[in-house]
Structure formats: C-alpha cells, structure tokens
1. Output the number of residues of the stretch 61-82 satisfying the condition of being hydroxyl-bearing (Ser, Thr, Tyr) and either assigned to a strand (DSSP E or B) or surrounded by 10 or more Cβ atoms within 10 Å (Cβ to Cβ) (or both).
2. Can you pull out the residues in the stretch 51-71 that are of a type outside the set (Ser, Thr, Tyr) and either touching a helix residue (DSSP H, G or I) at 6+ places or on another chain (Cβ under 6 Å) or within 21 Å of Val34 (Cβ to Cβ) (or both)?
3. Are any of the residues in the stretch 38-60 assigned to a helix (DSSP H, G or I) and exposed (fewer than 10 other Cβ atoms within 10 Å of the Cβ)?
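Just so it is clear, none of the values below were taken in a lab; they were calculated from the coordinates. Here the structure is a predicted model, which means the values were calculated and not measured. Here the Cβ positions follow ideal geometry from the backbone for every residue, glycine too, while neighbour counts run over all protein chains shown.
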Amino acid sequence: MLLGFREDSIPGHFTPTLDLIKLIENQLENEIKVLNNPKLNQGRGLGPVIHRKLPKYYRQYIGLSTDDGDKIVEINFVWNNK
C-alpha cells in the first residue's frame, strides 16, 4: 500500500521485493561511508553521523518505474529517537 491506495491503482509504482531490499541495503552499507563524505550538518553537535548510526533509522521503500521501464527504489530514512 502507498498512502492508503492500492499499489496497482497508481501507475508507475511497485512494491520492492524482500530480495531487492536486501540487495539495496547491502549496497548502502558498503557505499554509505564514501557517499557521506563530506559530512555536512553531521557530527560536532549538528546531528548524527549517518553511516555510524544507520541501524537507528527506520526505512520506507517506495518502488517507482520510469517510462523506459527502469526501476527506482526511493528510501526515506526516519530517525528513531529510542
């Protein structure tokens, strides 16, 4: 479900499979340190250093298909204060 609508009623959206999410998470863990440099607005009291605190984020995965048939997975990261 996406925003309370059935996924198949919204053109261009799909639900990422668990295997795809595992692949994405593995790639994220391997590349986040490089992608997160420089650490703008992180550390030194400005907020968490994202790659060090990655397990503390809840994730929302949204699958999108382009007109060319490419698939994109958008990930929203929400900080867990607990």
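1. Final tally of qualifying residues: 2.
2. His51, Arg52, Lys53, Leu54, Pro55, Lys56, Arg59, listed by residue number.
3. Looking for residues that are assigned to a helix (DSSP H, G or I) and exposed (fewer than 10 other Cβ atoms within 10 Å of the Cβ), one finds at least one in the stretch 38-60, hence yes.
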